[in-house]
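See below for the structure under consideration.
The values are calculated or read from the model by the stated rules, or taken from the named source; none is laboratory data. Predicted, not measured: the structure shown is a model, and the values here were computed from it. For neighbour counting, all protein chains shown are included, and Cβ atoms are generated from backbone atoms with ideal geometry for every residue, glycine included. All accessible areas refer to the heavy atoms of the entire protein, side chains included, with ligands and DNA or RNA removed. Shrake-Rupley method; radii C 1.70, N 1.55, O 1.52, S 1.80 Å.
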Amino acid sequence: MNKEEAKTRIAELSKIIEGHNYNYYILAQPTISDYDFDMLLNELIDLERQFPDLVLPDSPTQRVGGDITKEFQTVRHRYPMLSLSNSYNIEEVKDFISRIKKTIEEEVEFVCELKFDGISISLTYENGLFVKAVTRGDGTQGDDVTANVKTIRTIPLRLKGDFPDFFEMRGEIIMPHSSFNSINNEREDLGLQPFANPRNAAAGTIKLQDSKEVAKRKLDQYCYFMMMDDDKMIFKNHYESLMAAKQWGFNVSNFMALCKNIEDIEDFINYWDEKRNELPFDIDGIVIKVNDFRQREILGFTAKSPRWAIAYKFKAEEAHTKLLSVDFQVGRHGTITPVANLEPVQLAGTIVKRATLHNADFIEQLDLHYDDIVSVEKGGEIIPKITAVDLNKRKEFSNKVTFIEKCPECGTQLIKAEGETAWYCPNTLGCPPQIKGRIEHFISRKAMNIESLGEGKVEVLFDNKLINNYSDLYDLTYDKIFGLEKIIIVDNDNLENTTRKVSFKEKTANNIIDAIKKSRSVPFARVLYALGIKYVGETTAKLIAKTMGSIDNIINASVEDLMEIEEVGEKIALSIKDFFADERNIHIINRLKEAGLQFEQEVKKVNSNQVLSGMNIVVSGVFSTMSRDEIKQLIEDLGGKNVSSISSKTTFVLAGDKMGPEKRKKAESLGIEIKSEADFLEMINADIDSDSDKKDTAGVQGVLEFDF
């Protein structure tokens, strides 16, 4: 292909891909399979690599990230980003409307919108191209975060239709609950402090230096206001401008309403106050705006905010109760997390008796004392948190809550890394919660997948001195574990804890020994992840294993060698070197080698048979002829894609025993085919058997979430 042909094809691919992006992210109506989309994107990436001077600023490939921003340039806003006046009850909204009607004698129409709980952003477009994204900052100037914002799929890089030559769109960058939960699970798994709420997570993400990391966090954005010079405004009212923006490709919320009077506004407020917890993202109120632009001009502005808009803030779900005590919990990487024990109280439909206190700085800021009456909120938080102390009810001579200096489990002096807020217990191989936590991580499904060892059984084995690190698992025998039992405490978040007996009966003991034997065949990347090296998550472990090839190569690598691996920065590289610099860890690795674990990357054969090419397959249930890993390998090796949830894009559901009833119900309602294990094997074998050279399906690792 010559350069002119490449230029034409690049323009064609860019237009097609952005069209599919719009259908998928804005309309939620995909018209192409993920596989076919990836093929188009890969073709564009290949052409741009061959002809780098043809890469356009609005190319779909520019969304994937990769730019590094050491410092964010300060940019002055062309149009100031003013804040809104807040109201906290309907009477204040009525006062707002009364003030407007004293100035505007004619009928006034209002637009009610959701108040997204995220980060305000200003997006500049010139001749239909996205050119700049700037944070609110102080309202007069903000930070240029263009490279990071380009990774957000719901922000168009090129507009379609009849649009002005120059304008700005104002919007809110948010982190959906699904992204927030996924990130916090990963942060906790890596021994990092979880984000307090989606808003904080979004704020932290948009200022990351590496836009590739921003892309991974799957931010979203909604537009709610169009700005341009007064003499260029082509619309008469706000609602009309947003409907046009939606046609141009912007993500505009469907949850808005035109309201004629206070009754309509109050109905909208009350509806979303009740329904807000059903949204996939956080809102903290309702924004009420005068619709007509001419009327807005008459109303004008105060020094800080427009007179034609107001924000109604929802009251956070809050309860008041007594602080009884504070526990200091130790994570598997030694992180000390303070947790408040509360007098049980009803909050947001559940009984709350614990709340996070985050870290030492948080406790100091609250000036917390034992027996204090505290305010507890659930709001957008995943875990309840204490937000305030009622000083008027503080008991005289009550004791102040102070952060501990030594580990509550092993007595080791705590340390704090420079630049971090969390305190750690450095006794990594001698502190019981860290030992048990690392073993529990080692046996988890995404690591070694040693089934039957959960539910308190690790604790029983540890207490009986049968395991003190994960290499001890491979010394276990049926005779050693049969007959063990212990009564453990189970916290069901009820008023009282309950107890349960953990017993190693014949079947349980046999299952554990069998699962340990099977784990010897788990591939190297998952073994590396299972070791529990701080900051080395599942994806990073795969990249390191693929690049380095063996555990010995990793052990002998320098920090510089490790930093050359994709996604491995100095922090991760230093953590890896520290892990293998400890002779006790090397001793454990050697024992695992002797036990027969996989410490070299398998040379994988790519199967030329692609019978499942382009298919999105949901796997649900338990299977008799293959393990889960084998199903993962098989589907991806034959060209299929594993997806975790059923949608209109699902090709079929592979159903084993104990398939979740809700999954079956959803598949049937969408008319998605449900294949049994036998049907699936017959389907793939019919094609495999037609060519004897295509029979080897071993060695391809996939990523698959099993939902039951």
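Data overview
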| read-out | value |
| --- | --- |
| Percentage relative contact order, the chain, counting C-alpha pairs under 8 Å, at least six apart | 9 |
| Nearest-ten-degree value, helix 583-595 long axis tilted from longest Cα axis of the chain | 60 |
| Listed candidates (1) 1.15; (2) 0.98; (3) 1.02 - label of the one calculated as Rg/Rh (Cα atoms, Kirkwood Rh) | (2) |
| Degrees separating the helix 628-637 axis from the principal Cα axis of the chain, which is the longest one | 60 |
| Exposure of Tyr424 as accessible area (Å², to 10), given a probe of 1.4 Å and all protein chains | 20 |
| Heavy-atom accessible surface of the chain: percent carbon and sulfur, 1.4 Å | 47 |
| Integer Hz, Karplus 6.51/-1.76/1.60 couplings in order for the stretch 419-433, x for Gly and Pro | x, 10, 9, 7, 9, 10, 8, x, 7, 4, 9, x, 9, x, x |
| Ranked order, Tyr239, Tyr470 - accessible area, probe 1.4 Å, largest first | Tyr239, Tyr470 |
| Given charges at beta-carbon only (K, R positive; D, E negative), |dipole| of the chain in Debye | 700 |
| Area accessible to solvent at Val568, 1.4 Å probe radius, in Å² | 10 |
| Using alpha-carbon coordinates, inclination of helix 570-581 to the longest axis of the chain, degrees | 10 |
| Lysines whose Cα lies under 17 Å from that of Lys101, excluding same-chain neighbours fewer than 8 positions away | Lys260, Lys289 |
| Above-threshold pairs, the threshold being 26 Å between Cα atoms, out of Lys542/Lys577; Lys505/Lys665; Lys7/Lys160 | Lys505/Lys665 |
| Accessible area expressed per residue, the chain, with surrounding protein chains retained (probe 1.4 Å, Å²) | 49 |
| Cys residues of the chain counted as unpaired, since no other Cys beta-carbon is under 4.7 Å | Cys112, Cys223, Cys259 |
| Partners for Lys3 among aspartates and glutamates (Cα-Cα distance below 20 Å; same-chain residues under 8 apart left out) | Glu12, Glu43, Asp46, Glu48, Asp53, Asp58 |
| Per-residue [θ]222 nm for the chain (sum of -39500 (n - 2.57) over DSSP H runs n ≥ 4, rounded to 500) | -10000 deg cm²/dmol |
| Most to least accessible of Lys518, Lys542, Lys666 (protein chains only, probe 1.4 Å) | Lys518, Lys666, Lys542 |
| Accessible surface ranking that places the most exposed of Thr140, Thr151, Thr539 first, with a 1.4 angstrom probe | Thr539, Thr140, Thr151 |
| 18 Å Cα-Cα reach of Lys518 towards lysines, excluding residues that sit fewer than 8 places from it in its own chain | Lys446, Lys507, Lys593, Lys632 |
| Listed pairs Lys216/Lys315; Lys275/Lys393; Lys416/Lys436 exceeding 29 Å between Cα atoms | Lys216/Lys315; Lys275/Lys393 |
| Residue-wise HN-Hα coupling along the stretch 269-279, computed from phi with Karplus coefficients 6.51, -1.76, 1.60 (Hz; x: Gly, Pro) | 4, 5, 4, 7, 5, 7, 9, 4, 6, 8, 6 |
| Nearest-10 value in Å² for the accessible area of Phe482, using the 1.4 Å probe | 110 |
| Computed magnitude of the charge dipole of the stretch 327-439 (debye, nearest 20; Cβ of K, R +1, Cβ of D, E -1) | 420 |
| Added length on full extension, which subtracts the Cα-Cα distance from 0.36 nm per residue, Met683 to Asn553 | 42.7 nm |
